[in-house]
Amino acid sequence: MKRTVKTLTNFLTKMSLVTLSATVLWSCSAEAPSRTAEYAVQGLYSAVLSDDGRSAVVGSIQHGGSYWDNSRGERLYNWNHQQGEYTPLISVDIDPSGSFALTGGARTLVLWNTTNGQSAGFWNTPGDVRSLKLTQNGDLALVGLDDQTARFFDVKNGGIKQTLRTGAVVRAVDVSPDSKLGLTGDDNYKVILWDMQTGEKKHEWTLSNRIASVALSADGQYAFGAAQLGNAKIWSTVTGREVLEVDTGALESRNVTISQAVFSQDRRSLLMGTVNRRVSLLSISTGEVEKTWDLHLKDTTRPTGARVLALAFGAGGKYFAIGSNGYLNELQ
C-alpha cells in the first residue's frame, strides 16, 4: 500500500511539473511590445484608438480626458465636461474618418473636433452611459445605457433617431460607418443586430453569459460578440449564421473575457484583447491564433494587471493596444 501511495505521489509530482512547464511555455510564447508610451500615471477608465492607430483618446483616473498623437506620444488636448473638473469618462470613441471624437461621462456626451480640439456639441443622456460608438464624420452615435436601451443620437444637431429596447443593461455597442447597422451586447446574454433606419431587429444571438464586447466589420458583413468568462462567436450579418466560434480557452489556456475586438479592413483577421493583458491575432478563415502579445506592465515586482481597453491595426504589419494601466503598446 505504501509503495502504491509513493508511486502515485511521484506520478502526480511529475504531472505537476509537466503542467507547470506547459504553462510557462504558453506564457513565454506571447511577445512583448516593440514600443510603449505612458499616457496616464494612475491608470485609465476608458480608451480608444483611431482606425489607423495614429491617435488616441483616453479617460484617465487622475486627469480626465485627453487626445494624443501616438507617433510622437504627445498630448494635444485636454477634454473634460465641466471647466475646472476632471471628468470620469466611462466610454470614448473616434469616428472612422478621425475628424471627431466623442466622450461619455455618467449622463453626458461631448462631441469634439480633433483638428482644433474644440467642443462641437454637448448632450445629456436619459440613462448612465455604458458604451458608445460614432458613425462616419461623427454625425451619429449609438450609445448603450443602463436603462435597458441603446439610443441613436444625432450628436451634431441634437435629438434621438432611434431607441433600441433590449430589456437589459447594454454594456457593448458598435455601429457601421454608414449608420445602417447597429450591434448591441447586453446583460441578458444577447447580441442583437439592428436595422438603424427602422429600429427593428435583424438577428439575435445568445451567448453563455453577460456580453463583454461586440464588434462589426467595417463593411458590415461580420458581427462579433464575446461573453464574460464565456464563449465568443463571429456571425454573418446577411444570413445570421455562425461563421466561427472562437476558442476562448485557447487564448490563455483557460476561459477568459475578451474585453475588446476589432476586424481588419479586409475582414480576414480579428484582433482581440482580454482582461488579462493578452492580445491575439486570429485568422477568421482558419480559426487559428496567428500571433500573441502581452501588454507592458508598469511594475513587474508585484502582482499587477492591464485590461485591454483599445485596439487598432496599423500600417506595415504593426498593431496598437492600450491597457488600463495607462500604457500605449506598439505590437509587431
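A few remarks follow.
- Take the Cα of Q118, step 7 Å toward its Cβ, do the same at E74, and the gap between the two points is 2.1 nm.
- Two-site label geometry, T286 and L229: point separation in nm, points 7 Å out along Cα→Cβ: 3.2
- GNM remark for the chain: springs join alpha carbons under 10 Å apart, and the peak mean-square fluctuation among V129, V41, V57 falls on V41.
- Cβ-based net charge around E200, under 13 Å, with every Lys or Arg adding one and every Asp or Glu removing one: +2
- Relative packing of peptides 62-69, 95-102 - highest average C-beta neighbours within 10 Å first: 95-102, 62-69
- Computed label-point distance, nm, for sites A106 and D219 using a 7 Å Cα→Cβ extension: 4.5
- The gain in end-to-end length when the S264 to R35 segment is fully stretched comes to 80.3 nm, 0.36 nm per residue minus the alpha carbon separation.
- The calculated FRET efficiency for D299 paired with Q136, based on their beta-carbon distance and R0 = 35 Å, is about 0.30.
- In summary, the convex hull built on the alpha carbon positions of the chain has an orientation-averaged projected area of 19.1 nm².
- Panel values: region 199-332, Kirkwood radius from alpha carbon pairs, Stokes-Einstein at 25 °C and 0.890 mPa s, translational diffusion coefficient 161 µm²/s.
- Above-threshold pairs, the threshold being 31 Å between Cα atoms, out of K133/K202; K156/K298; K180/K291; K201/K318; K133/K291: K156/K298; K180/K291; K201/K318
- Here the chain is treated with +1 on each Lys and Arg Cβ and -1 on each Asp and Glu Cβ, and its dipole about the Cα centre works out to around 1180 debye.
- Length gained when the stretch Q62-Q332 is fully extended (0.36 nm per residue, less Cα-Cα span): 94.2 nm
- Contour minus Cα-Cα distance for D195 and K318 (0.36 nm per residue): 40.9 nm
- C-alpha long axis of helix 2-29 to longest principal axis of the chain, angle in °: 40
Each value in this text was obtained by applying a stated rule to the coordinates, not by laboratory testing. Keep in mind that this is a model prediction, so the values were computed, not measured. Methodologically, a virtual Cβ is constructed for each residue, glycine included, from the backbone with ideal geometry; neighbour enumeration extends over all protein chains shown.
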